[in-house]
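Just so it is clear, none of the values below were taken in a lab; they were calculated from the coordinates. Fair warning: this is a prediction, and the values are worked out from it, not measured in the lab. Don't worry about glycine lacking a Cβ; one is built from the backbone with ideal geometry, like all the others, and counts go over all protein chains shown.
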């Protein structure tokens, strides 16, 4: 009979333990243990060790979240070989431990080793020499593990298949001197297939070897280090032909992570020279451009003192063979004005939020973006752009015809040139909130794709100009528009009231009339009519709107408006089921240029991970397994906890997950709305050619939404998860299943439409038809 119940001796007390790795008489291929107690995780007798061996026998994957208990010491004492174990993932184990060769040799076929935040103080020299199948090695977060010790453990590394090495956060204990990245470390990795290297948040101060040995490297993260060292060694990453993503956030800058990493004065290291690194041409002398590899797509330089970089941002920045898609400089600091960028023809996303400068001028020149014809998202709040002249502001986005999202909030603007956006016909979201604009006189009639204009918190704003009113009216002839006006000192004048009454504009705001504040809302006709009567009685141009309820003409106009509203609403949204908690599938599905791997990408914040992984994920997965009975069951849903590799850059993973899924489902909560990463995910999904379905965990007031979330609320399919406070257990379960059913039906509809489009377009990559049981 298969053992299902065992007794473990712990501190002289016998305890019954139900084994989670056996079920129904069969061994499971994976064992995931959450919230283990010290009783379960401590084996300190010969009997308990043999039990531990039995528990591991036949497993392919062992994942333990020890939550501060001592797990590793017990595992290190194992005595049997476990050749079937492929994944060993231990996190948050306590007790200072040394990882020995004899321990790792018990698992010769391991593909993934993750021993993160486990109080590891040492790893035996050449400890991994028998793990020749190793693909992922993650020992991040072990503060007292020195870089030199880690480097020695890689001696005689025999795994050609190694792709991921994550040592982030080691070597950070205060007594440690600065680590030096030298030749042995690079040399031990030379014969691997390393694609992802994370050496972030290490107290490393020098680099003395060439990165050229890592010929397969795609992703490198050096955030939070204080590496200066030899300049000739540092810039060798530029010759890596596979490198796509490079991040040096907080490098070197004021500490925003481990305490031992801090911004230090320029030291002698910057002047050090070594013969370890051969110089190679990084500049084209004829063009004055930096030579980059065509594979380079994304660079992050957030919260960094730009003057200390190898890249001179204080003169025209030019790169050769540049295929950059994302360039992020937010929160960084410079002593001089950043000049123009040349050669960035492929750039789509540029984040310059809250650049800091050592002087009082504008940190960036007006024509900085003129050589970026593909730019779609430009983020530049808090950059003191009000110091630019009107002529300079007109040039700011003049050469960016594909621009779709522009954030110029918190720049101290008093006004903006009327025709500033005349070349931005594709602009969809414009954020000019938190400025000092007195009167809006922008002519936005050129930007016929506008969906959101964020004008919040311009505290001195009082009036809306005729030009702005006319341009908004022109836009709304073709689309719905959200104008966010909250937090302003508005007057109840005719233009404002006409703005909020224009068909197809949704906005709510307060305005002041006779020292009283009035709520102006298109959904409250009585309030609107009375305000119109008071504010516009002397102006003939709004006579039609001042007619008081009760007249036949008013009734006729109201009826016509209601009919038009209903027709327009039905065109914009296809209603399938009644109820105020759901609006279902939109009519058009964007075309895809490749065949996705996964059906659904789940985007959620860490605060909701328990709900997503324990409630939503299994039920959604089960339903999709039923509906998509011919689809690969392992490729239904992609989520952080299930498919993402440790050590890879988050935004790269997000982009890949969205691009490789038929549908993105965003699980939106209050915490989701506050998260900058979640906002980035939604923006990435919105700018990708992928259907995006929001699932709200609680009701939200659309008036409190802004930017991409406001646009998402009004233009995309949305679902609301039932509130347990309003329903009994039985009704709650029924409503939850109803949401799951509708979500799955919408997903299936999107998938079917996408596949049908590919078939109609002659896409020969479609090898299977989705069979549904709907």
Packing rank of 103-113, 459-469, where each peptide gets the mean count of other beta carbons within 10 Å, highest leading: 103-113, 459-469
Roughly speaking, what is the stretch gain from residue 414 to residue 629, that is 0.36 nm per residue apart minus the C-alpha to C-alpha distance, in nm to one decimal? 71.4 nm
Measuring from centroid to centroid over Cα atoms, what is the spacing of the range 203-227 and the range 113-143 in Å? 19
How far apart, in nanometres, would the label points at residue 609 and residue 679 be if each is projected 7 angstrom from Cα along the Cα-to-Cβ direction? 2.2
If r is the Cβ-Cβ distance from residue 701 to residue 76 and R0 is 51 Å, what FRET efficiency results, to the nearest 0.05? 0.40
If the chain between residue 731 and residue 460 were fully extended at 0.36 nm per residue, the gain over the current Cα-Cα distance would be 92.6 nm
Using 1/(1 + (r/R0)^6) with R0 = 51 angstrom and r between the beta carbons of residue 293 and residue 514, what's the FRET efficiency to the nearest 0.05? 0.15
Give the Debye-formula value of log10 I(q)/I(0) at each listed q (0.19, 0.26, 0.28, 0.31 Å⁻¹), with one equal scatterer per alpha carbon of the range 423-469, two decimals each. -0.62, -1.02, -1.09, -1.16
What is the Cα centroid distance between the range 655-699 and the range 340-395, reported in whole angstrom? 27
Roughly speaking, what is the stretch gain from residue 438 to residue 597, that is 0.36 nm per residue apart minus the C-alpha to C-alpha distance, in nm to one decimal? 52.2 nm
Which value in nm describes the separation of the simple spin-label points at residue 399 and residue 422, placed 7 Å from the Cα toward the beta carbon? 1.8
How high is the FRET efficiency from residue 286 to residue 491, r the C-beta distance, R0 45 Å, rounded to 0.05? 0.15
